[in-house]
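Report on one structure; see the data block that follows.
Values quoted throughout were computed directly from the atomic coordinates according to the rules given, and no laboratory measurement underlies them. What you see is a predicted model, and the numbers here were worked out from it, not measured in a lab. Every residue, glycine as well, gets a Cβ built from its backbone with ideal geometry; the counts of neighbours run over all protein chains shown.
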């Protein structure tokens, strides 16, 4: 989000300079894709860090005014905000609507048990359960449609994690335990049990 704000400020400063050097050119405010991307980033941050979406949206409006963004696009109604975590599956879904249309962030995962294996640790041999995990993010905005992203995952030291293809991972968890992984944005994913 900060990187987006810095880029937008740099572009606006360049346009201001350019219009003063070349008289007759005017700066036009371009609205839409940047603001939609920022709304998705705010929704994702709300899920990742269990922060109030309203509080984050208010902060986005403040920063938008400061940096000359189209703050009218930050005026959204939250149509859906759901967290659903079950045995082997889960999803987070945030759907907002502004004057351009629907903007949404969806993170979904499902895991299935593969096999048990033995892992040597400094404390002796432990039995681990191996799961195949599929985890994907979908971002939707009227300007670009649906973008599917496969975020990188991070795990604690006692969890094994290997990439296994597009949006797929192999996850080793101590038998009869549940592990919470986090994606590169901090969003929690629960595997095992």
Estimated distance in nm for a label pair at residue 70 and residue 185, the labels positioned 7 Å out from Cα along Cα-to-Cβ: 2.1
Ordering of 96-108, 69-81 by burial proxy (mean other Cβ atoms within 10 Å per residue, highest first): 96-108, 69-81
Can you tell me the FRET efficiency between residue 77 and residue 149 if r is taken as the Cβ-Cβ distance and R0 is 25 Å, rounded to the nearest 0.05? 0.50
Where does each of 54, 183, 160 land when they are ranked from fewest to most other beta-carbon atoms within 10 angstrom? 54, 160, 183
Ranked output for segments 39-49, 114-124 by mean other Cβ atoms within 10 Å, highest leading, reads 39-49, 114-124
Relative contact order of the range 65-140, pairs being alpha-carbon contacts under 8 Å that are 6 or more residues apart, as %: 23
For residue 116 and residue 49, what does the FRET efficiency come to when R0 = 22 Å and r is the distance between their Cβ atoms, rounded to the nearest 0.05? 0.05
Given the Cα-Cα distance of residue 158 and residue 123 and 0.36 nm per residue of separation, how much length would full extension add, in nm? 11.4 nm
Sorting 189, 147 on the 10 Å Cβ count, fewest up front, what's the list? 147, 189
